[in-house]
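Notes follow once the structure below has been shown.
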Amino acid sequence: MNLKEISKNIRKQIIELAHCSKIPHVGSAFSCVDILTVLYWKVLKLKPWNRRDIFILSKGHSEAVLYSTLAERGIIKKTVLKGYCQNDGTLPSHLDRFTSKGVEVSSGSLGHGFNMGLGIAYAFKKQKQKRRVYVVIGDGESQEGSIWEGALFAPKLGVDNFTVILDYNNLQGYGRARELCAYEPVRKKWESFGWQVYQIDGHDFSQIEKALKSPHNNKPKIIIACTTKGKGVSFMEDQLIWHYYIVTDEIKQKALEELR
């Protein structure tokens, strides 16, 4: 399997979805494509489906990356994508668990997917199931108080089946996350809360896989994945405007040319 080609296909699909729907957040979706690629092709246990591992995209405004990944993995049909953000369509902007297979929770309000994942992981532990839970959160999302409530509580629950991946691209809706609401030092904070912490290049497939498969040491685990907003298309990379800009015909053509 060629993870680089898979991630390119996912990015192409995101461009197509953004172009057809005129919905923003392309940069936010692009920054975590490589993380989802490794999760869905190398890490998540998906069969049998009723015993699957659980993945939650807590930064739900990046929904296009999850829809595109589910389609590329064959979990949903690609024809379903045609109804993305259309009147009487199939897939909404912001995730709704009642709309599609593979969408585990409705993660509209930032910070909530994290704690829903924590609750699911704890339930699996209580039921003595071997299933694992993985949650991707954003660095801007990490300014939410609900994230830190869960971070404090998780080690007490003994959820060594719970992995959080921080999409650490340092850009949110109005600027640099570190400047708008400083939360450094990130690694030391999570370690002080009692988490097993790894820090990686969030676009290096081997580093992502190694961190996801590294031991929990009887703790919940967080992977600080250093990423670039808009990764994969040069004129979108590390540009705040791609939190909001829509994909026009011209932009679509330029982006797909790069991805080819």
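The values are calculated or read from the model by the stated rules, or taken from the named source; none is laboratory data. This one's a predicted model, so the numbers in the text were calculated from it and none came from an experiment. When we count neighbours, we look across all protein chains shown, and the Cβ atoms used for this are built from the backbone with ideal geometry, even at glycine.
Can you confirm whether the stretch 49-67 contains a residue that is more than 13 Å from the chain's Cα centre (by Cα) and under 22 Å from ARG11 (Cα atoms)?
Quick first cut of the stretch 49-67, residues more than 13 Å from the chain's Cα centre (by Cα) only: 49-53.
Checking which are under 22 Å from ARG11 (Cα atoms) leaves us with none.
Looking for residues that are more than 13 Å from the chain's Cα centre (by Cα) and under 22 Å from ARG11 (Cα atoms), one finds none in the stretch 49-67, hence no.
Yes or no: the stretch 143-158 includes at least one residue that is buried (at least 21 other Cβ atoms within 10 Å of the Cβ), at pLDDT below 95, under 28 Å from LYS45 (Cβ atoms) and among the polar types (S, T, N, Q).
The answer is no; no qualifying residue exists.
Show me the helices (runs of 4 or more DSSP H) found entirely inside the stretch 12-108 where at least 2 residues are in contact with a helix residue (DSSP H, G or I) (Cβ under 8 Å, 6 or more places away or on another chain), over 21 Å from TYR168 (Cβ atoms) and free of Cβ contacts under 8 Å to residues at least 24 places away in the same chain.
Details: elements: 26-30, 33-38, 63-73.
Result: empty, no element qualifies.
For the condition of a type outside the set (S, T, N, Q), outside any helix (DSSP H, G or I) and at pLDDT below 90, what is the one hit in GLU179, GLU184?
Numbers: GLU179 fails: outside any helix (DSSP H, G or I).
None of the other options fit; the residue is GLU184.
Filter the stretch 19-47 down to the residues that are crowded, with 24+ Cβ neighbours inside 10 Å and hydrophobic (A, V, I, L, M, F, W, C), then identify the one that is modelled with the lowest pLDDT.
Only one residue tops the list, namely VAL26.
So is LYS254 out of contact with any Lys or Arg (no Cβ under 6 Å at 6 or more places or on another chain), free of Cβ contacts under 8 Å to residues at least 12 places away in the same chain, part of a helix (DSSP H, G or I) and not polar (S, T, N, Q) or not? Reasoning before the result, please.
On the way: out of contact with any Lys or Arg (no Cβ under 6 Å at 6 or more places or on another chain): yes; free of Cβ contacts under 8 Å to residues at least 12 places away in the same chain: no; part of a helix (DSSP H, G or I): yes; not polar (S, T, N, Q): yes.
In short, no.
Checking LYS126 against (1) surrounded by 21 or more Cβ atoms within 10 Å (Cβ to Cβ); (2) without any contact (Cβ under 8 Å) to a residue 24 or more places away in the chain; (3) among the basic types (Lys, Arg), only one condition comes out false. Which one?
Failed condition: (1).
Restricted to the stretch 215-251, and to residues that are among the aromatic types (Phe, Trp, Tyr) and touching a residue at least 60 places away in the same chain (Cβ under 8 Å), which residue is surrounded by the fewest Cβ atoms within 10 Å (Cβ to Cβ)?
Let us first name the residues in the stretch 215-251 that are among the aromatic types (Phe, Trp, Tyr), namely 235, 242, 244-245.
Next cut, touching a residue at least 60 places away in the same chain (Cβ under 8 Å) only: 242, 244-245.
Numbers: TRP242: 25, TYR244: 12, TYR245: 17.
Among residues in the stretch 215-251 that are among the aromatic types (Phe, Trp, Tyr) and touching a residue at least 60 places away in the same chain (Cβ under 8 Å), the one surrounded by the fewest Cβ atoms within 10 Å (Cβ to Cβ) is TYR244.
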